């Protein structure tokens with residue numbers, strides 16, 4: 001949901017932390033192409049995610065990159081969860097944003 005919000009209303013949001021998420025590409029989302037350029041996003045996703053296929057994450061990553069966002073993307077050996085390792089990557093990303 002957060003990535004869709006950013007894509008459609010980029011002026012209302014500074015950046016996104018997306019954990020095990022995806023962009024619903026088949027929904028016909030209308031992207032504010034000029035507004036999303038350079039918006040910071042970090043995505044984390046588990047290789048073993050049992051609820052959201054890794055392929056959805058890769059498709060979303062590729063779509064976001066095609067829209068010109070400033071994307072940092074990580075996969076971790078985890079299920080549909082949060083780990084110390086994924087939180088560490090997010091902390092480092094947040095430190096760079098501040």
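Filtering 30, 48 for residues that are in contact with a helix residue (DSSP H, G or I) (Cβ under 9 Å, 6 or more places away or on another chain), at pLDDT below 95 and outside any strand (DSSP E or B) leaves a single hit, 30.
Looking at this structure, is residue 17 buried (at least 17 other Cβ atoms within 10 Å of the Cβ), assigned to a strand (DSSP E or B) and modelled with pLDDT of 95 or more?
Numbers: buried (at least 17 other Cβ atoms within 10 Å of the Cβ): no; assigned to a strand (DSSP E or B): yes; modelled with pLDDT of 95 or more: yes.
Answer is no for this residue.
Checked against (1) free of Cβ contacts under 8 Å to residues at least 40 places away in the same chain; (2) touching a helix residue (DSSP H, G or I) at 6+ places or on another chain (Cβ under 9 Å), residue 63 passes all but condition (1). Of all residues in the range 36-47, those being exposed (fewer than 12 other Cβ atoms within 10 Å of the Cβ) and closer than 18 Å to residue 77 by Cβ number 1.
The values are calculated or read from the model by the stated rules, or taken from the named source; none is laboratory data. The model shown is predicted, which means the values in this text are computed figures rather than measured ones. Neighbour counts are summed over all protein chains in view; Cβ atoms, including those assigned to glycine, are modelled from backbone coordinates with ideal geometry.
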